[in-house]
1. Sum -39500 (n - 2.57) across every DSSP H segment of at least 4 residues in the chain, then divide by the residue count to get the 222 nm mean residue ellipticity, nearest 500.
2. For the chain, state the semi-axes of the equivalent ellipsoid (square roots of 5 times the eigenvalues of the alpha-carbon gyration tensor), sorted largest first and rounded to whole angstrom.
3. Sorted from largest down, what three extents in whole angstroms do the Cα atoms of region 250-299 have along their principal axes?
4. Provide 7, 121 in ascending order of the number of other Cβ atoms located within 10 Å of each residue's Cβ, fewest first.
5. Highest GNM mean-square fluctuation, the chain, Cα pairs closer than 10 Å: which of 123, 50, 156?
6. Suppose we look only past 18 Å in the calculated P(r) of region 294-359. What percent of the Cα-Cα pairs does that tail hold?
7. Just rank 330, 142, 87, fewest to most, by other beta-carbon atoms within 10 angstrom.
8. When a/c is below 1.5 the answer is rounded, else prolate if a/b is larger than b/c, else oblate, so apply that to region 179-246 with a ≥ b ≥ c taken from the square roots of the Cα gyration tensor eigenvalues.
């Protein structure tokens, strides 16, 4: 059927949809602005979450001269994406007898940006994604198709992301804070819905960074008597002292410390299939018969749809392709199973304890 033969209503809807897609950069950039302005903390105010106008929010966060109308425009747009709830009130006016005022409170989505008692939230995750070096890579996404040997980030910045972060202390610190803000809620969900650490006495966390995950696992499972926080030497050198945890520096592509079980979170996603196999082979060698590799990764659904979960996972997949590895990727459950079998793991189970991360258990 020719384009001009389609119904007028369908064409109108299609044009509207492409306008939304073309202008969608307004969404993450406005979210970034809200985080920089600390709007969520200003509204939350210790749990009150009372609806506030843009002017009232600015009184709490900004100096004089700030523009409440422009802030309201951002708040209203993000309301359409479920970050805020809008409260429209009618007030008397001497000119026409009435006037409306828009006030905003936080939805459950907006509350993820509120700083908790531990100083954590999803706000650093938003900021981490929108730093200048990362933004420079996005116009080059098509290059990942034309030349998958070099990531768009490398083409934009001259070196891989992790190397770049290592030379930029502020970027590295923000990334670590972002990962902590994301890890804690997931780990709470995981520890409530997964009991695979029972019987484990020596647990190795590959890519454990500051040891946050091990701290939570050991608290929930006191039977784990020894935790090994394994990461690059320069990373574990800055890791805090945690009772029951030993910090060990090394390279997971060369060898991994022995343990009854090996834990890793969001490690396999950022590497190619061959690199994943090498990591998993080293895990296999470090485990006894019956030992487990417990990997927490984003897992793609088999079928594509327009659900929030599917979109979040597929968007994350493009982020990995653009920033970390052009052939690093989010994988399906079957793809992870096949990777495990290719290096010798004979038993595999998947536990969907969270909407984004999935617990993947490989047993030797």
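1. Counting only the DSSP helices, I get -13000 deg cm²/dmol.
2. Working: eigenvalues 333, 140, 79 Å².
Rounded to whole Å, the semi-axes are 41, 26, 20.
3. The principal-axis extents, from largest down, are 26, 22, 17 Å.
4. So the ranking, lowest neighbour count to highest, is 7, 121.
5. Among 123, 50, 156, the largest GNM mean-square fluctuation belongs to 50.
6. Cα-Cα pairs in region 294-359 separated by more than 18 Å: 40 percent.
7. So the residues, fewest neighbours to most, are 142, 87, 330.
8. Verdict is oblate for region 179-246.
A short reminder: the numbers here are calculations on the coordinates, not readings from a lab. Owing to the predicted nature of the structure, the values given are computational and were not obtained by experimental measurement. All Cβ positions, even for glycine, are placed from backbone atoms using ideal geometry, and neighbour counts span all protein chains on display.
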